[in-house]
Amino acid sequence: MKKSLQRTIQFLFLAFFIFLIVQGKVQLWMGLFLAGIIASFVLGRVYCGWLCSINTAMIYVTWIKKKLHIKSMKIPSILTRPWVRYAMLSLFVIFFVITMVTGKRLPVLPIFFVVGMLLTFLFPEELWHRYLCPYGTILHIPAKASRFQMSIDPDKCNNCGVCLRVCPAKAVEKLDNNHEIHKNDCLVCMECSRKCKQEAIKYKTLK
C-alpha cells in the first residue's frame, strides 16, 4: 500500500474531525468509531492506523520532533500499568455517558485529541497507543478475533529488528529466530511492511 494514499486518507479524516469540531457536532465521530469497532473483528485496528484523527496528528508531531531534534523522554513505568489504561477508558466512558444523559456538549474528544498530541511531544507514540488511548483499549479486544493482520513470514525474516524499531505501538515482539506482530496491539499502519527490506511483512488473512 502506497504511503501517499494512506496519508491522503488520514488527512481527509483529520479535516473531517476538525470540521465536526467547528460545527459543534464532534459527537458524530463516535458513529465512525463504532464502525471501526465492527470492522476490527475482521480487519484489525484499521481505524487506528487509517482513520483516527489523534494518530494522524501524532504522526505530524513526531515528524516535527525529528526535524527539531527533540528527544522523547522515557515512559514512566507507572503509566504502563494496566490500571492506568482502564482508568483512562473509564474516564472516557463517564464523560460520554454524561454527555448522552444530560445533553451537554462536553469537549471530550477535542480534549483527548489535545492530550494525545501534547504527550507525543514529550514521550514516544507508544505511550498513547499502547497504554493511554481509550479507543485503543476498546479496539484491543475485538482485534484479537480479526481475520486479517500484519504477518511476518518466518522464512523471509532475517531478524534485523527494523519492524520493532518503527512500530509506533510496539506491537512487535522479538523471538529467538524472528519477530512476531501481536494483532490486538497492531495499528495496521503498514510502517513495518514499508520498512522491511526483506519484504517479509504483509497484511493478509489468516488461514
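The values are calculated or read from the model by the stated rules, or taken from the named source; none is laboratory data. Small disclaimer: the values here were computed from a predicted structure and weren't measured. Neighbour counts run over all protein chains shown; Cβ positions are idealised from the backbone, glycine included.
Odds and ends about this structure:
- Candidates Q23, Q10, filtered to the one that is touching a residue at least 12 places away in the same chain (Cβ under 8 Å) and farther than 19 Å from R130 by Cα: Q10
- Restricting attention to the range 56-105, the residues being touching a residue at least 24 places away in the same chain (Cβ under 8 Å) and either surrounded by 14 or more Cβ atoms within 10 Å (Cβ to Cβ) or not charged (D, E, K, R) (or both) number 23.
- P124 being closer than 30 Å to I201 by Cβ and either part of a loop (DSSP other than H, G, I, E, B) or out of contact with any Pro (no Cβ under 9 Å at 6 or more places or on another chain) (or both): yes
- Which listed residue is part of a loop (DSSP other than H, G, I, E, B), without any contact (Cβ under 8 Å) to a residue 12 or more places away in the chain and either buried (at least 22 other Cβ atoms within 10 Å of the Cβ) or assigned by TED's automatic domain parsing to the domain that holds I152 (or both), from D176, D185: D176
- Test: residue in the range 142-153 that is part of a loop (DSSP other than H, G, I, E, B) and either farther than 23 Å from L51 by Cα or touching an Asp or Glu at 6+ places or on another chain (Cβ under 9 Å) (or both): yes
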